[in-house]
Structures are given as structure tokens and as C-alpha cells.
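Undergrad: This is the structure I want to talk about, given as C-alpha cells.
The values are calculated or read from the model by the stated rules, or taken from the named source; none is laboratory data. It should be emphasised that the depicted structure is a prediction, and the values quoted were computed from it without experimental measurement. Positions of Cβ are generated from backbone atoms using ideal geometry, with glycine treated the same way; all protein chains shown enter the neighbour counts. With ligands, DNA and RNA removed, areas are computed over all heavy atoms of the protein, side chains included. Shrake-Rupley method; radii C 1.70, N 1.55, O 1.52, S 1.80 Å.
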Amino acid sequence: MENILRSYYEEEPRFPVDPEDEDLVRLCGYRSEFDGNFAQLEDRLNNKLAGTAYTAHSTYELTIDDLGEILDEEYYSLPLVEVDPKYYDEADYIVQPGQYGANETPILIPLSVDDGQVTYWDPFVDFYFGGPDDTRERALSDTKFIKLWSDASKTNWTFWIDRAQQQTLTGFSEVDA
């Protein structure tokens with residue numbers, strides 16, 4: 001979440017959520033022993049974005065074409081997608097089970113969907129394996145990506161932020177004040 005907020009914050013000067021905000025962990029519902037609380041992420045972020053031109057969205061019903069449209073929209077942030085832990089079999093690093101013998105839920109940040117493949121960034125790489133120097137983009141065939149995406153809790157959970165084409169007066173006055 002911090003990664004997409006940081007990227008969006010750099011591209012959208014009026015975006016009101018600073019990724020350096022210490023409140024971000026609470027906002028995302030993260031608890032160290034229980035992972036993130038994705039079920040409430042949209043509502044929590046929308047409470048913070050109330051009165052601005054920005055809206056957080058999450059859905060469980062996207063297709064790969066819908067994901068491509070999100071990536072092509074200039075007013076949208078990069079999306080987050082949840083994939084099945086079988087993803088670690090495809091990744092080139094090993095994840096040991098954590099507390100309660102379960103692996104972290106893999107969350108990927110797709111960058112593009114074209115030519116039969118999905119290019120993405122894996123934010124867990126530096127945590128589990130390589131470090132900040134191993135932040136290369138990765139790719140999966142679209143069929144493999146769709147299978148992993150669909151097998152994650154049998155849904156296609158996706159999260160993104162959009163900005164209305166017309167900004168609210170509140171958004172202008174906060175930045176210009």
C-alpha cells in the first residue's frame with residue numbers, strides 16, 4: 001500500500017495522503033501478527049479522502065481487460081492485486097511460513113497488461129530476498145497471472161485510487177493555502 005501511495009503522491013500534487021504519515025499503518029489496518037485488513041481498506045482510506053477529488057476502490061470482480069483499463073487510465077493509481085500463495089512457487093525466492101504456519105498473502109502491483117503477459121512489481125522481494133537493489137519488474141503470462149489472481153480466496157481482489165477529472169474546491173484551497 002505504501003508503494004502505490006508513494007507513487008501516486010509523487011504524480012498527484014494534491015493527493016492528501018502522505019505516504020510518510022505515521023498513521024498509514026493504522027489506516028491500512030495492519031497488525032503485525034495478523035497481516036493487513038484488506039476488507040476495510042477501501043472504507044478507511046475513503047474516510048481519509050472525504051471531501052477531496054480522490055476515491056479508493058476495491059472489487060472482487062475484475063477481468064484481465066478491466067485491469068488493463070485501470071492501468072491505462074491517467075487519473076488512477078497503480079492497482080494492488082491479491083494472488084494465491086502458489087505464486088511463491090513461480091517467484092525466484094523462498095518464503096518460509098510465518099506465524100500459524102501460513103505464508104503472507106502475496107500482493108502484487110501490476111504495471112502493464114499486454115502481449116499476453118502481465119508486468120508487475122513484487123513489493124515482498126526486498127523484504128524476503130534481495131533488498132532495495134532487487135526491485136526489477138517481473139512478468140507472468142496472462143494465463144498464469146489470471147489463475148493465481150483467481151485462486152486467491154477464489155476472487156480477483158483489486159484495489160486502486162482514482163481522481164475525478166474535475167477537482168473539488170476543497171482540494172484546491174488545501175494546496176494553495
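Undergrad: For residues that are open to solvent by 30 Å² or more (accessible area, probe 1.4 Å) and either in a strand (DSSP E or B) or within 25 Å of LEU148 (Cβ to Cβ) (or both), tally how many sit in region 45-59.
TA: 4
Undergrad: Here's something else I'd like to know. Restricting attention to region 60-80, which residues are outside any helix (DSSP H, G or I) and loosely packed, with under 15 Cβ neighbours inside 10 Å? Even if it seems obvious, please write down each step before you answer.
TA: First pass over region 60-80, keeping only residues outside any helix (DSSP H, G or I): 60-63, 73-80.
Selection gives TYR60, GLU61, THR63, GLU73, GLU74, TYR75.
Undergrad: Do any strands (runs of 3 or more DSSP E) entirely within region 88-160 hold 3 or more residues that are at pLDDT 85 or above, touching a Leu at 6+ places or on another chain (Cβ under 7 Å) and open to solvent by less than 40 Å² (accessible area, probe 1.4 Å), and if so, which? So that I can check it myself, show each step before the final result.
TA: On the way: elements: 107-114, 117-121, 138-141.
Fully inside region 88-160 and qualifying: 107-114, 117-121.
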